[in-house]
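None of the figures in this text is laboratory data; all of them are computed from the coordinates on show. The model shown is predicted, which means the values in this text are computed figures rather than measured ones. Note that each Cβ is placed from the backbone with ideal geometry, even for glycine, and that neighbours are counted across all protein chains shown.
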Amino acid sequence: MPETAVRTGSRLMDRPEYRSKRQPLTCSPDTSVFDAVTKMAAKNYGAVIVVDAQQKVIGVFTERDVMNKLVAKELDPRATLLSELMTENPRVARETDDMIDWLRIMSNERFRRLPVVDSDGHIKAVFTQGDFVSYTWPDLIYQMRSIATATVTKNWPFFMIGGGIALYTLLLNNKVGHLELTCEVNHR
């Protein structure tokens, strides 16, 4: 299990999107798949978090489960319960866990949705791979800028020589073009 984040700002609950996330859609395990999917469609959710009577996470049911476990097997959505198709005992993060730890775990274990719970184990949010991409994008840009700066700094003499040659070429071509234009005007 990932450790509680030490650095301020690196916890899941420190992310700006954590506070603005919609309340996760929850259902009990005895909810029919039909009812769950109807709620998902009405609220435009890609998953339902399945909770027990104490509101603790016991499963996740996703759009992919509808396709692979219900439709592909020709099951009746009104007669099939979430408990029959949900992913049981999913990975669950604490809101104080480190963001980078979960980024690595989700990537390595290939799951897309991460239920986040408070200290009492109650569902607070669901992080998706997209949330992690928004976190890493600025870091990637910073790293690319650092690499570019290091490359230019290390090779500064070559950039200066190349820049000088390019400038000389532009000026020379401009001067030759100006000379040709002057000669044509003088001949008329």
Roughly speaking, what is the stretch gain from Lys73 to Ile105, that is 0.36 nm per residue apart minus the C-alpha to C-alpha distance, in nm to one decimal?
-> 8.5 nm
On the formula 1/(1 + (r/R0)^6), with r taken between the Cβ atoms of Ala42 and Lys21 and R0 of 25 Å, the FRET efficiency rounded to 0.05 is 0.85
Tell me, in nm to one decimal, what length is gained between Thr149 and Asn89 on full extension, where the rule is 0.36 nm per residue of separation less the Cα-Cα distance?
-> 17.0 nm
So which of Lys43/Lys124; Lys43/Lys73; Lys21/Lys43; Lys21/Lys69 end up more than 23 Å apart, counting from Cα to Cα?
-> Lys43/Lys73; Lys21/Lys69
Remind me, relative contact order of segment 12-136 in percent, using alpha carbon pairs under 8 angstrom and six or more residues apart?
-> 26
All alpha-carbon distances of segment 57-124, grouped into 5 Å bins from 0, give the whole-percent distribution 3, 15, 22, 20, 16, 11, 8, 4, 0
Can you give the Rg to Rh ratio for segment 12-136, taking only C-alpha atoms and Rh from Kirkwood?
-> 0.97
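By how many nm would the segment from Asp30 to Gln129 grow when fully extended, if each residue of separation counts as 0.36 nm and the alpha-carbon distance is taken off?
Extra length from Asp30 to Gln129 when fully extended: 32.8 nm.
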